[in-house]
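The numbers here are math on the coordinates, done by the rules we state, and not lab data. Keep in mind that this is a model prediction, so the values were computed, not measured. So basically every Cβ, Gly included, is an ideal-geometry build from the backbone, and we count neighbours across all protein chains shown.
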Amino acid sequence: MQLEVLIVLQICLGTFLPSSVFAEGLCATVKIEIPQELTLERQAFDARMRINNALESQTVDNVSIAVTFADEHGNSILATSDPNATNAAFFIRIDTMDGIAAINGEGTIQPRSAAEIHWLIIPSPGAAGGSLGGKLYTVDADLSYSIGGKPYHHEVAPDFITVKPQPELELDYFLTEHVRGDEPFTPEVEPIEPFLLGVRVKNSGFGPANNLAIESAQPRIVENKQGLLIGFEITGSFVDDQPAEPSLLISFGDIQPKSTKVGSWVLESSLSGTFQSFAARFSHAAELGGKLTSLLTRTSAHFLIKDVLVDLPGRDRVRDFLAADGGIVRTYESSGVDTVVTDYDDTYQLVPGETTTYGQRFSIAVPPTSGMFLVRAANPLGKGYVVTKAVRNDGKVLSLQNAWTGARGTGSNTVHFVGLFDSNGGGTYEIELSSLSHLPQPPTLQFIPNFVRSEGQRLSFVVQGSDPNGTIPTLSLDLKPIGAKFDDNGDGFGYFDWQIGVGQGGRYPL
């Protein structure tokens, strides 16, 4: 079975407008989509009929075949070739015909030849009933034809099929709401911070989803009315707690009944921004049964606050999704459990403590709370700091998945915060923030779009690079077209210039 999952995103980039305009609620928007395809192995049947015409000179005409279904008690069962007839138990269609052109009463089999017909039969999700052992059905065929104008009719001996329990899949998508990239109205080039597009696949059915995989395409900009110079890219993916790989394909393997697996794609945006809307929808191929046979019961989209680790007794060590649904915060666990989280957003403040070699310690007091809770408090140190340690007053050391620094908004509206996630806790938490400046960080390049020019035209553009550690990066170009020049100014800026000659048409990766 194949499914198409489409992600439609809209990003609002206030940094491209003056702060006074942004404050009025106006912003530039870019819409992108990420086409995806979900595949898995599922149960289907191949029904085959072979008709031999041994006559020397006469044809077998007016061939008509009707395939019928019945349950184990002989009751007639509805089967259809209409992918939208969701009240049927089976989807059936002719897969191949050899030696005959039709079986609707107009088919003909030539003398001394044979016809072979194959039907593809796919059960609907409920065809197995509630039995773990599956459900038995009979498949019959009525064959009608004529020879020399004389009609004949045969009832083909029935065959038996057992429909096994099938998976029923629920997909939850999670997208980081606030993404960090370059701020175009600042002199330096800010580093790009990877963000996540996560998915949780939950099998609520009684059958396994075997060899399930989701393959993603790269994000595609479908609307950019303001012509913003922005790019999006998927750089890798991972399943559960496995290391990320440079692949667009997430292979989940087998997802057993009543179990769940999670995966994520790692994305980058060349500019900072805030996603304003996020939706996921799917379709199932009509030639494989469409709505009738689809094993995907729903898709939902949530804005991701953070991938955290629910550390309650009995939980796994796979990261979970902490997400916002309107005004409600929930954890969507890798085990399939969903829990409402108490949200103490901007309720409590960090109290400054002693300074450290690379930063400062802070404390924050949270009331005793039953269940899971989230705290986001203003970060007094601003950007460029990370949480290196978080300890509860009873001695519990929090995973750094559950204590982090982040930012919301863009440009002059950016608010930096410290996030804290815990379960059945409260009291005083000691949090240590350390500067990133002493850690080696890679230089960054300002986003360069794709260019299209004609032979005889000139192509020139500026390249800007910066280093978060304060050094000036050296800029160079390894491969360039014949006649092109690239000069490094030595101040973080470079200049590319190319007078395109006749006969130099083509694609040039730089």
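The alpha carbons of segment 143-270 give a radius of gyration and a Dmax of 25.3, 90 Å, in that order.
Descending by average beta-carbon neighbour count within 10 Å, the peptides 156-169, 252-265 line up as 252-265, 156-169, the highest first.
Could you tell me which of the pairs LYS202/LYS291; LYS261/LYS383; LYS225/LYS480 are separated by over 22 angstrom between their Cα atoms in the structure shown? Going by Cα-Cα distance, LYS261/LYS383; LYS225/LYS480 fall outside the 22 Å limit. Here the Karplus curve 6.51 cos²θ - 1.76 cosθ + 1.60, taken at θ = phi - 60°, turns the phi angles of segment 424-435 into couplings of 6, x, x, x, 9, 10, 9, 10, 10, 9, 10, 6 Hz, with x standing for Gly and Pro.
Largest first and in whole Å, the equivalent-ellipsoid semi-axes of segment 244-344 read 25, 20, 17, each the square root of five times a Cα gyration tensor eigenvalue.
In sequence order, segment 342-350 has phi-based couplings of 5, 9, 9, 4, 6, 8, 10, 10, 7 Hz under the Karplus curve 6.51 cos²θ - 1.76 cosθ + 1.60, θ = phi - 60°, and Gly or Pro positions carry x. Of interest is the spacing of the C-alpha centroids, which for segment 145-163 and segment 458-493 amounts to 76 Å.
The 3J(HN,Hα) values that the Karplus relation (6.51, -1.76, 1.60; θ = phi - 60°) gives for segment 396-407 are, in residue order, 5, 8, 6, 4, 5, 5, 9, 9, 7, 10, x, 8 Hz. Gly and Pro appear as x.
Measuring r between the beta carbons of ASP487 and VAL415 and using R0 = 56 Å, the FRET efficiency lands at 0.90. Out of (i) 21.7; (ii) 23.0; (iii) 34.5, which label holds the value of mean projected area of the Cα convex hull in nm² that was computed here? Only one option fits the structure, namely (iii). Cα centroids of segment 342-415 and segment 88-112: 69 Å apart. Here the Kirkwood formula puts the hydrodynamic radius of segment 21-180 at 19.7 Å, using every distinct Cα pair. Distant-in-sequence amide contacts of LEU249, defined by a placed amide H-H separation under 5 Å and a gap of 5 or more residues or a different chain, comprise SER216. Based on Cα contacts under 8 Å between residues 6+ apart, segment 444-499 shows a relative contact order of 38 percent.
In the chain, Cα pairs under 8 Å separated by at least six residues give a relative contact order of 13 percent.
Only DSSP H runs of four or more residues enter the estimate; each adds -39500 (n - 2.57), and after division by the residues of the chain the mean residue ellipticity at 222 nm equals -500 deg cm²/dmol. A Cα-only calculation for segment 362-506 places Rg and Dmax at 24.1, 75 Å. Neighbour counts of C-beta atoms inside 10 Å place GLU183, GLU37 in the sequence GLU37, GLU183, starting with the fewest. Here the spin labels are modelled as points 7 Å beyond Cα on the Cα-Cβ line, and at VAL502 and LYS258 they lie 7.7 nm apart. According to the Kirkwood relation over distinct C-alpha pairs, the hydrodynamic radius of segment 342-439 is 13.6 Å. Here the mean projected area of the convex hull built on the C-alpha positions of segment 444-499 is 4.1 nm². For GLN226, the residues 5 or more places off, or on other chains, whose built amide H falls under 5 Å of its own are THR29.
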